[in-house]
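All remarks here apply to the structure that follows.
Please treat every number below as a calculation from the coordinates, not as lab data. Keep in mind it's a predicted model, so treat the numbers as computed, not measured. So basically every Cβ, Gly included, is an ideal-geometry build from the backbone, and we count neighbours across all protein chains shown.
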Amino acid sequence: MNTLPWLHPGRVAKLEAALADRILVLDGAMGTMIQQHGLEEADYRGERFASGYDRLFADDGHAHGAGCGCEGHDQRGNNDLLSLTRPDIIRGIHEAYLVAGADLVETNTFNSTSISLADYRLQHLVRELNREGARLARAACDAAEATDPSKPRFVVGVLGPTSRTASLSPDVNRPGFRAVSFDELADAYREAARGLVEGGSDVLMVETIFDTLNAKAALFAIDDVFAEFGARLPVLISGTITDASGRTLSGQTAEAFWYSLRHAQPLAIGLNCALGAKDLRAHLDVLAQVADARISTHPNAGLPNAFGGYDETPEDMAATLGEFARAGMLNIVGGCCGTTPAHIAAIAETVEGLPPRAIPHLEQAA
């Protein structure tokens, strides 16, 4: 039984139709845009967390406190918390990307799992952060679509990789040690996915995958959540090639990455982050040759410079990704670290009118 009325086939049909018609544009970096606001600790905490307690506000405006354990733990840099304390900033960033031409907007939930939020002692906020992050993106997309109903806009509920890896030991002296188990990851992802679905996501995306076992836990959890709600959303999968070796951190090539996750039947699979577009080309080309799913990419604006910034201009990045599109490699394209609405506008202009990659029919080995 579908317990959430907005989970209906109409949205999926609209997305499928748009993907068949053109290359869809994903938005750009959230963190890059937040940094431009120069926020301080007080901005991140807002009124609700100013005292180190979670001051929940009732309908009458009065607050009641609950110990949250965040006292003495800096919240500056906890960008996901801004969905609660500075929703105006997050909504404004979504709107800027929509104006730039984005068809798909990612929720501000990259670190909204209990594992990652433990660094800030805010694990109790997992479901709320994901729900409210999705609601902010939903409101921005609905407003943009209302001004131009011919161009539907879609909310991508983001599930990040967490700050731990299930495949590798963080202790070189104990190679068999793991800081997290598959079951712990699945539990963390279930709670996050529930919030993303409740908030009105059209799609869920497991992204910036450096460890395929983490991704498998996320996909396992997502299936459980869909079963709970009695309805399914499309799923996007996006890995990250960490260096010139052409492999993920857990050691897989792009081809192996696809075959490890093909069973999930994703709407699209792709690569994001870590490298710039030029360095991703060869690996994306491999995916395009082996995957009978749509292909996505949202690379960084080049490699980080000595100051931690990104030097690739909107024009440079758009030229590179435009070549990908003309080569028939893309269905979804956007930007990751260092990208801005200017990058997304340039990319959107470059791929406009170019046909999306046709999904190949690939013979499978007996």
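First measure r as the distance between the Cβ atoms of residue 285 and residue 227, then evaluate 1/(1 + (r/R0)^6) with R0 = 51 Å and state the FRET efficiency to the nearest 0.05. Calculated transfer efficiency: 0.90. Here the relative contact order of the chain, from alpha carbon pairs under 8 Å that lie six or more residues apart, stands at 19 percent. Give me the one-decimal Kirkwood hydrodynamic radius in Å for region 139-195, with the sum taken over alpha-carbon pairs. Mean inverse Cα-Cα distance, inverted, gives 14.6 Å.
Remark: the residue 319-residue 262 segment gains 17.5 nm on full extension, using 0.36 nm per residue and subtracting the alpha carbon distance.
Under the classification rounded if a/c is under 1.5, otherwise prolate if a/b is larger than b/c and oblate if not, where does the chain fall, given a ≥ b ≥ c as square roots of the Cα gyration tensor eigenvalues? It would help to have the intermediate numbers written out before the result.
Working: a/c = 1.40, a/b = 1.26, b/c = 1.11.
Rounded is the answer for the chain, as its axis ratio a/c remains below 1.5.
Over all alpha-carbon pairs in region 113-232, figure out the percentage whose distance exceeds 19 Å. I get 51 percent for the Cα pairs in region 113-232 exceeding 19 Å. Measuring spread by the Cα atoms of region 285-326 yields a radius of gyration and Dmax of 13.1, 40 Å.
Distance between the modelled labels on residue 51 and residue 124, one decimal in nanometres: 1.4 nm (7 Å Cα→Cβ projection). Using R0 = 35 Å, the C-beta based FRET efficiency linking residue 326 and residue 306 works out to 0.60.
Taking amide H atoms as placed 1.01 Å from N in the peptide plane, the amide H of residue 270 lies under 5 Å from those of 237, 238, 239, 296, each 5 or more residues away in sequence or on another chain. Using the alpha-carbon atoms, what tilt in degrees (0 to 90, nearest 10) does helix 314-326 show relative to the longest principal axis of the chain? Here the helix axis deviates by roughly 50 degrees. Phi angles across region 93-104 convert, under the Karplus curve 6.51 cos²θ - 1.76 cosθ + 1.60 with θ = phi - 60°, into 3J(HN,Hα) values of 5, 4, 4, 4, 5, 5, 4, 6, x, 5, 8, 10 Hz, Gly and Pro given as x.
Between residue 169 and residue 36, how high is the FRET efficiency from 1/(1 + (r/R0)^6) when r is the Cβ-Cβ distance and R₀ = 56 Å? Nearest 0.05. Step by step, r from the Cβ atoms, then E = 0.90. In order along region 284-301, the phi-based Karplus estimate (6.51 cos²θ - 1.76 cosθ + 1.60, θ = phi - 60°) of 3J(HN,Hα) comes to 5, 4, 4, 4, 4, 7, 9, 9, 9, 9, 5, 10, 10, 8, 9, x, 5, 7 Hz; Gly and Pro are listed as x. The 3J(HN,Hα) values that the Karplus relation (6.51, -1.76, 1.60; θ = phi - 60°) gives for region 214-219 are, in residue order, 4, 5, 4, 5, 5, 5 Hz. Gly and Pro appear as x.
Most tightly packed first, judged by the mean number of other beta-carbon atoms within 10 Å of their residues, the peptides 165-173, 185-193 read 185-193, 165-173.
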